[in-house]
Amino acid sequence: MTPSAPVAFPDIQWLQLAPIIVVLGAAAIEVLVEAFAPRTSRRSIQIGLTFAALIVAFAIIVINAGTFQLVVAGSAAVDGPALFLQGAVVLTALLVALLMMERKVDPSGDAFAARASAMPGSEDERQFTARGYLQTEIWPLFLFCTGGMMLFLSANDLLLMFIGLEIMSLPLYLLAGMARRRRLLSQEAAMKYFLLGAFSSAFFLYGAALIYGFAGTVSFGGIADAVVGQSQMSGLLLGGIVLLCVGMFFKVAAVPFHEWAPDVYQGSPTPVTAYMAAGVKVAAFGAFLRLMYVAFGGEAWEWRPAFWVVAILTFFVGAMIGLAQSDIKRMLAYSSIAHAGFLLLGVMAVTPDSLSASMFYLLTYAIATVGAFGIVMLIRDDSGETTSLDAWRGLGRTHPLLATAFTIFLLSFAGIPLTAGFIGKFTLFASSAAAGEGWLVLLAVIASAIAAFFYLRVVVIMFFSDPVGSGPSVATPSWATQTTIVVALIVTVVLGLFPQAVLNIADHADVFVR
Amino acid sequence: MSILTAAQAVLPMSDGAPAENVEPITATITAAQAGGAFPLMWLLFALPAVGAAVLLIVGRRSDRWGYLLACALPIGSFILACILLAQMMALPEADRQVTLELWNWTFAGSFDAAFALRLDPLSISFVMLITGVGSLIHIYSIGYMAEDPKRRLFFAYLNLFVAAMLLLVLADNYLLVYVGWEGVGLASYLLVGFWQYKDSAAVAAKKAFVMNRVGDVGLSLAIMLMFLTFGTVTFSDVFEAAPEASETTLTIIGLLLLLAAVGKSAQFPLQAWLLDAMEGPTPVSALIHAATMVTAGVYLVVRSNAIFDLSTTAISVVLAIGVITMTMGAWIACAQDEIKKSLAGSTMSQIGYMFLGAGLGPAGYVFAIFHLLMHGMFKADLFLSAGSVMHGNDDQKNMRLYGGLRVAMKVTMVAFFCGFLGISGLPPFDSWFSKDGIIDAALGVNVFAGLVALGVAGMTAFYMTRMLAMTFFGSPRWAEDQHPHESPPVMTVPMLILSIGALFGGLFFVYVAPIGEWLAPVTGYEESTPVIPEIPLKLTSLAIAIIGIALGWRKYATKDVPRVAPTNVTILTTAGRHELYGNAFNESLFMRPGQYLTRWLVWFDNRSLDGLVRGIATGIGDLGGKLRLWETGYARSYALSMLGGALLLGVVVATARWF
């Protein structure tokens, strides 16, 4: 390109990009709201804007259904998988937003610190809390994060993917540190997540650089052409793939890149934990699927051995260490690790069937996860949430409906028939076996049988253990949390009984645009 | 020859085999076409399911009437089952396969796991057993659990079990079988651990659950493999497509199904949970761990006969497992002193007979089911009688502390004695027909198995006589403050009804309603000719039973039984008392390695990388750095683990390229 040549501006496909634009735009407006709106009305404005943006974004995603094209000069894709998973992210975000606005379970406010800048345990903090301050910046952060997720999973070149990754991650690092209770634990979690996240981003970037060195382009289509044209795999390419995968493995919490997850899940405010476990998983797997299918799908046999190792480690370590946990949030963290292991089967299969199965799995897993964390928020003592499993003893006797709801989520995680989780596991495993990974499916089934123990252990604790002292203390939530739990429950049961409609949608969305 | 002629005249010689080779059922008719009560067959499992739901949801408010509802609903199912049975008998033989699609649980494109039920001679036989025996045991439980504060919960679980078990046998596809399969496992877990304040009960429940899960993995894998191979999991489609699959595939499917069956039916090598499961209330032992759930494995094998017929390997393994467990169970039953554990050993052994029957292929399927039905009656009778004995003796289980109860518990003794007649192989009672049917067929197919079965029949008679004598005969050995008393009629009447089944079930199913001709269209049948002619064989079997009884009587009725188990016993008895070391085997082979692996992983996950970092620091000798590392720790060791992971991936990818 000579200096004098005019810069070619790409066409912007506004409608196709509208969901992302709406969400990120609303986030930007919310920043202004923080600056100009009076304190008293900020919270309601922020909540109103957030829900409006998410609902509008979802509506546009529905309108865009069937779109199959590259946008912005090929750097992003609007196709079946992108729309399906963006829809899943937005739905998850809606449910999480309801959890974030919950103010009834904690007498002093929502799940977030009154002033994140106040020193934990200081007089300032006490004052802010006593005055009932709320940190309303969580809402723009939350929307930026959501927009980042949507961008991340529809990015069609390495640069945009990295940008999406960071837009998604940076707000999360902040949100992780803003818990109202146990603030030191929360700040430690944020710090760890940030440090390790930065470390993994470096891997991703280095990998992107190597791939650029190999292919001379960062677009997935271009990389795919370069990969297929090769007679001899180059070290640059393989090194690049490995490094990119490390970055992705970190985000999806695959072993041995998982160790942050239990600490961070435990320390973060529970709505944020729910979003990490559900939203991030959907977005990261969406991006991971696109990366491996579109850019490197042609040489799957080269990188698959690495996935074998990671997947086996992930589902076994997740299942077995989960057994030893005594904290519900850590246990759910290991559960999410095990689920990541199963989902890796879908990533490495590289067939349309496994793509649609993975997407269905992600949707069911995400919704049930948000519901489960919604219930975790309600089990409390004087110092806030009590995540120790001991506090759950006898819940089935004192609060049978709540315990039944939690049981249904756990059964879905365990993949017991008639729940959405079963359909997800079944279709995913079947598609993976059809892709010739039968022995891996065998191991996965064994791992899921082990994992079923720790889910059922919680069921046993809830229904068959005698309550400690006066029994678990359960806060009565407002309509917001109730809505989240009920919606998640309905989705989990209905997708278990009548999955076909949603499976059809996933099946029609089983090809990536190139 | 005069003995033989006399024997032929006196002894019932038929064994219920079909008279001639029967054509298999080919046509499937829908419930709507069949009309009558068939479209209502979903009520069979829905009624008890509603009972369970009502009792659990309404909670304490239903304490006063809940148990009556819980009894009424299975009885309702039983009445409906009788109507359906009558209707099915009126159908032409080739049409006796009625399906009812409740809703179509299809997903993933071609996956057709319709929520469909199927009623054919095999499933209706099970339905009759489950609802009939189940109803009686519900009624018995009114008395047995009268004092229990959680009686409502008990009945809720019992209803849940009946519903799940009915779903299991009514399912028209393997996926729905799996649902019922997990359901009965859950109910069993809840009921075994019902008295959870007893540690032993809680542990037993967990153990039963864990070992069952091992089997369940087999079933889920089998379903998965069927779906991949045939594209369907519906019975008729799978069986139709089976001949086109390779024998290796069929063998793997068969072995996986067998793994499931072995776990559920407490067969070798997953047998160890059954004796512990006796910690549950006795009605549970009678219903779940004798009459119904533990026989689900036999059902699964017989139902899948089209697969097992095509794989000689799989079916031979069924046979071998049957032979091994049959012997092990009888051996354990001979040595246990707790009445229920001895009966549990006997259950293992009798189910071993059924597996042996099923392992014979078409020659044995009908006898396996025949024996299963008979066993359901006489073993339920024996367990309920044993429960009655315990009920009247302050929950004493040790037979060494019974003795001479025939005076105080006459009705119970009569019921137990009827069960004894049913199981011990004397003519003309249940096992004389059903067990000998298996032995006959075995002698025609596999002589070794047949001879073992003949020998174990003697052991059966021996341990049953031992139980009978130690409990009801001999001198009283109870404690001073123990006042044996008869149970109320709400318990004894169900026992007596089951006694009638234990006495005359065999005669009924051979001469009145020939079971072989009824079942053969589903299971197929091939005549097998035993190596020993029929009359000498029958006489031998009778002689063996009598010898067993005589030995048992001489040892336990005519001599004093010590109140404390003697220790100077043969190694065989010691082994039997320790359940043939099944627990030690499991612990050393599965449990401990599993525990160590988990512990090691946790340890590794928490500390080892940290330790590695510390170790490196120490090696360098930088004291300050060492202290700093001690203090900060985690985030950096996580990062190190990520780095290690990245290297690992690089190595794996690079290595894989070399191959």
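Things worth noting here:
- Checklist (1) more than 18 Å from A:A155 (Cα to Cα); (2) assigned to a helix (DSSP H, G or I); (3) out of contact with any Cys (no Cβ under 9 Å at 6 or more places or on another chain); (4) among the aromatic types (F, W, Y) applied to A:F257, failing item: (2)
- So B:M128, is it more than 14 Å from chain A (Cβ to nearest Cβ), assigned to a helix (DSSP H, G or I) and touching a Cys at 6+ places or on another chain (Cβ under 8 Å): yes
- Residue count for region B:79-112 satisfying the condition of being among the small types (G, A, S) and at pLDDT below 80: 4.
- Scanning region A:476-501 for residues that are out of contact with any helix residue (DSSP H, G or I) (no Cβ under 6 Å at 6 or more places or on another chain) and either among the β-branched types (V, I, T) or surrounded by 17 or more Cβ atoms within 10 Å (Cβ to Cβ) (or both) returns A:T476, A:P477, A:V486, A:V487, A:I490, A:V493, A:V494, A:Q500.
- Annotation note: of B:A163, B:A187, the sole residue that is modelled with pLDDT of 90 or more, under 19 Å from B:A52 (Cβ atoms) and assigned to a helix (DSSP H, G or I) is B:A163.
- Criterion applied to B:D237, B:D172 was being touching a helix residue (DSSP H, G or I) at 6+ places or on another chain (Cβ under 7 Å), on the phi < 0 side of the Ramachandran plot, buried (at least 22 other Cβ atoms within 10 Å of the Cβ) and among the charged types (D, E, K, R), and the one residue passing it is B:D172.
- Of all the listed residues (A:L196, A:L238, A:L210), the sole one being assigned to a helix (DSSP H, G or I), farther than 21 Å from A:A333 by Cβ and within 10 Å of chain B (Cβ to nearest Cβ) is A:L238.
- Residue check for A:V441: more than 23 Å from B:L219 (Cβ to Cβ), β-branched (V, I, T) and in contact (Cβ under 8 Å) with a residue 40 or more places away in the chain: no
- Residue within region B:136-152 that is assigned to a loop (DSSP other than H, G, I, E, B), within 14 Å of chain A (Cβ to nearest Cβ) and not hydroxyl-bearing (S, T, Y) present: yes
- Long-range neighbours under 8 Å by Cβ, at least six apart or interchain, first residue in contact (Cβ under 8 Å) with a residue 24 or more places away in the chain and within 18 Å of A:S268 (Cα to Cα) within region A:364-385, second outside any helix (DSSP H, G or I) and among the basic types (K, R): A:S383/A:R181; A:S383/A:R182; A:G384/A:R180; A:G384/A:R181; A:G384/A:R182; A:E385/A:R181
- Count of region A:239-250 residues which are surrounded by 23 or more Cβ atoms within 10 Å (Cβ to Cβ) and farther than 17 Å from A:L196 by Cα: 3
- Residue list for region A:458-475, restricted to those being surrounded by 14 or more Cβ atoms within 10 Å (Cβ to Cβ), within 14 Å of chain B (Cβ to nearest Cβ) and farther than 25 Å from A:Y365 by Cβ: A:F464, A:S465, A:P467
- Filter result for B:S424 (out of contact with any Lys or Arg (no Cβ under 6 Å at 6 or more places or on another chain) and under 30 Å from B:P521 (Cα atoms)): yes
- Per this entry, B:T347 is counted among residues that are closer than 21 Å to B:S285 by Cα and in a helix (DSSP H, G or I).
- Checked against the criterion of being more than 14 Å from chain B (Cβ to nearest Cβ), at negative phi and either surrounded by fewer than 24 Cβ atoms within 10 Å (Cβ to Cβ) or assigned to a helix (DSSP H, G or I) (or both), the candidates A:F285, A:F307, A:F315 yield just one match: A:F285.
- Of all the residues in region B:436-479, those that are of a type in the set (K, R), surrounded by fewer than 21 Cβ atoms within 10 Å (Cβ to Cβ) and within 23 Å of B:G345 (Cα to Cα) number 0.
- Residue in region A:49-64 that is assigned to a loop (DSSP other than H, G, I, E, B), more than 30 Å from A:V294 (Cα to Cα) and among the hydrophobic types (A, V, I, L, M, F, W, C) present: no
- The helices (runs of 4 or more DSSP H) falling completely within region A:375-476 that include 1 or more residues that are aromatic (F, W, Y) and closer than 29 Å to A:A113 by Cα map to A:400-414.
- Looking only at residues of region A:244-301 that are among the hydroxyl-bearing types (S, T, Y) and over 26 Å from A:G213 (Cβ atoms), we find that the one that is nearest to the chain's Cα centre (by Cα) is A:Y275.
- Residue selection: B:F155 fails the criterion of being more than 30 Å from B:L84 (Cβ to Cβ) and not charged (D, E, K, R).
- Filter result for A:A372 (in contact with a Gly (Cβ under 8 Å, 6 or more places away or on another chain), of a type in the set (A, V, I, L, M) and assigned to a helix (DSSP H, G or I)): no
- Listed by position, the helices (runs of 4 or more DSSP H) contained in region A:111-181 that have at least 3 residues being surrounded by 23 or more Cβ atoms within 10 Å (Cβ to Cβ), out of contact with any Gly (no Cβ under 7 Å at 6 or more places or on another chain) and touching a residue at least 40 places away in the same chain (Cβ under 8 Å) are A:138-154, A:158-176.
The values are calculated or read from the model by the stated rules, or taken from the named source; none is laboratory data. Just so it is clear, the model here is predicted, and its values are computed rather than measured. Counting neighbours? That spans all protein chains shown, and the Cβs are built from the backbone with ideal geometry, glycine included.
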